[in-house]
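Just below is one structure, and these are the notes that go with it.
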Amino acid sequence: MPGTIVVVGYGPGVSAAVAERFGAEGFAVALVARSAERAGAGVEALKARGVNAAAFRANAGDPASIREAIDAARAALGPVAVLHWNAIGGVGLGDLMGAETIAVAGVFDVAVTGLVGAVQEALPDLRAAKGAVLVTNGAFGELDPQIDQAAIALGASGVALANAAKHKLVGLLATRLAGEGVYVGEVMIAGMVQGTPSDRGQGAIEGARIADAFWQLYRARADTYARVS
């Protein structure tokens, strides 16, 4: 048994595909989501595939909540070998000039504060397993004038800020943890993902393609970033 993968921010699309891929490779799978119903349905689908899985409810923007979920996953399924951070931050913050400043600060709750808390909680296990932190991100976080224009036009300034901060955090974590044998990698998604609320049909990216990119990063442990479009 390779160990347990904890998937935080579970839902349709990327995280479901990652859970299926790593489960098929022999990992026990802990699904963490705000919705116990959603996570529970995911567990049933994984069990139907023969995967050892369990569901846990938590708020990814609350470090205490996410720490409790990771501790519970460890107790139920065994030591954490992989932490997959799929939670998205900044949703709901559109126009920066019209936003309350406290709301601007809040865009980092999931992208930075929650992720740091999760890594801290899982770190003893990750060190022992020479494990990995895998982060889902979106292209709104890239520094590009055209992308910035699209983010503003779509009212996604909060998501763009959160993604940019998360992208930087991945680099910091990768550098900080490399000497301890813990791999940190990110898949940057440039497009809509099939099966998610943003899926508009034609041209949407299959979750399985993204899951495969995560698997290849995890296996090779050479590059920190991959981009899927």
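The table below lists the values:
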| read-out | value |
| --- | --- |
| Long-range amide H partners of Gly191 with built H, under 5 Å | Ala139 |
| Amide hydrogen neighbours beyond the local backbone of Gly3, cut-off 5 Å, H modeled | Ala28 |
| Coil-residue GluC sites (Glu not before Pro) of region 92-152, DSSP, other Cβ within 10 Å capped at 10 | Glu100 |
| Sequence-distant aspartates and glutamates (8 or more away, or on other chains) whose Cα lies within less than 16 Å of Lys47 | Glu20, Glu25, Glu37 |
| Spacing of the two label points (7 Å from each Cα toward its C-beta) at Arg127 and Ala208, in nm | 4.0 |
| Extension gain, Ala24 back to Thr101 (0.36 nm per residue minus Cα-Cα distance, nm) | 23.3 nm |
| Gyration tensor verdict on region 54-117 (Cα atoms; rounded if a/c is under 1.5, prolate if a/b is larger than b/c, oblate otherwise) | prolate |
| Range of Cα positions in the chain per principal axis (Å), largest first | 49, 38, 34 |
| Kyte-Doolittle mean at least -1.0 and Cα axial length at least 27 Å: DSSP H helices in the chain | 157-177 |
| In nm, spacing of pseudo-spin labels at Tyr225 and Leu172 (7 Å Cα→C-beta vector) | 1.7 |
| Partners for Lys166 among aspartates and glutamates (Cα-Cα distance below 15 Å; same-chain residues under 8 apart left out) | Asp109, Glu142, Glu186 |
| Length-normalised contact order for region 4-228 - Cα pairs under 8 Å, 6+ apart - percent | 21 |
| Candidates Asn52, Asn163, Asn86, ranked by Gaussian network fluctuation over the chain, Cα under 10 Å, top entry | Asn52 |
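None of the figures in this text is laboratory data; all of them are computed from the coordinates on show. Every value quoted in this text rests on a predicted model; they were computed, and no experiment measured them. Ideal geometry is used to build each Cβ from the backbone, glycine not excepted, and the neighbour counts take in all protein chains shown.
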